[in-house]
Amino acid sequence: MKWLRISTALTGIAACSFMLAQVAPHAREAGAILAAQDDPAALSELKLDAVLRQNDRLVQDNIEAALAAGDADLADSFVALARDRNIAVPDDLLARVSDAVKEENSTSHFARRFATGLVTGSADDVASLSGTVAGDLFVIGDVRDVVREGKHLAMGEDTDRLVLGLAAAGLAVTAATYVSIGGAAPVRAGLTLVKDARKVGRLGEGLAAWAGRSAREVVDTPVLQNAVASGSVLRPGQTVSAIKAAFRAEKAGALVRLGKDVTRVAEKTGTRGAMDSLRIAEGPKDVARAARLAEAQGSKTRAIMKLLGRGALLLVGGVFDLALWLFGAALTLFGLLSSIKATTERLTQAWCDRRRARRLRRAQVAAEAALASAAGPA
């Protein structure tokens, strides 16, 4: 019975050791992810490790898909990621990416996209954004948007209040840009990007809802309706003055901070990278995290956001699973220590019992010898 108890404890040690060997790597990874949940750069690195381990061709497949979609910038971002991770990419594929990037950066392509952004006010790359920002800096784009959406509002039609608020904020920031000789230009570009993302449907639902509420606060609707009633793109000076009177600058702080964060992303990843961050963001905090990620990862940011989505910025679900891995590891470790304790106690008890039995046998032998020696003379 004694040796059965010892065997049971030893079996517990073996079983818990095996389980701990299986659980420990997952628990270690879960702990690292939970510790890095407030650091987008570190969090994205940990999640990339897990994603890339599952598929060796993931980067190469995404490069080919980006080229097929005509997105040379995204393909180049995956090449940068492959280079950083020492992932082999075929030479012919690298050459195709290089040619596509050269074509996208060519003078003719830039001029064509610049004109598109200037005329339509829609941007999806650096060239078209330059044209859009140029139009907004000359107030043409913002006046056009405010007059259009303001007239919809005055007539009781469907109005995109977010575009309306962003355009009104943009007019005020444009005035500040001229006064500060370009000092507010980054905010101007950021607000333009948010507005363009809204127009082309690339603004996340959560961020769009938040920005819509913020835009409502910065616009005095009755004053704006009076301004656009007589406003026109053909009279930009008069129209801008009337619209600025409807803009509440003291309530525009949140939108201005959003514009700054979007510009920080665009400076490191380009226009499309900023658009990607706006698409996956559910609020201004997500955009601020994207800015931190972009500053840490640079040109790799678009590839990271493509692979991880919003998970590149923060923990999206899975917190319970991560905590479960840690709890399982702790429970298994407790079982191992308990088994070691039980085994030690039972072995010690067995050793003590054996020594006690040995002493009793020696005492018995000595007593029998004494009795025999006393019986001899008798």
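The values are calculated or read from the model by the stated rules, or taken from the named source; none is laboratory data. Remember, it's a predicted structure, so these values are computed and weren't measured experimentally. Reconstructed Cβ throughout: ideal geometry from the backbone, glycine too, with neighbour counts over all protein chains shown. We work out accessible area using only protein heavy atoms, side chains counted, and drop any ligands, DNA or RNA first. Shrake-Rupley method; radii C 1.70, N 1.55, O 1.52, S 1.80 Å.
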Which of K195/K285; K47/K268; K251/K306; K47/K251; K195/K251 exceed 28 Å between C-alpha atoms? The answer is K251/K306; K47/K251
At 1.4 Å probe size, with no ligands or nucleic acids counted, give the accessible surface of V287 in Å², nearest ten.
-> 0
Determine which residues of region 271-300 fall in the zone a paramagnetic label at R257 would reach in this model, i.e. backbone nitrogen under 19 Å from the point 7 Å along Cα→Cβ.
-> 278, 281-295
In what sequence, largest accessible area first, do R289, R361 appear using a 1.4 Å probe?
-> R361, R289
What is the extension gain from K102 to A69, computed as 0.36 nm multiplied by their sequence separation minus the C-alpha to C-alpha distance, in nm to one decimal?
-> 10.3 nm
What length, rounded to one decimal in nm, is gained on full extension from T8 through to A374, with 0.36 nm per residue of separation minus their alpha-carbon distance?
-> 126.9 nm
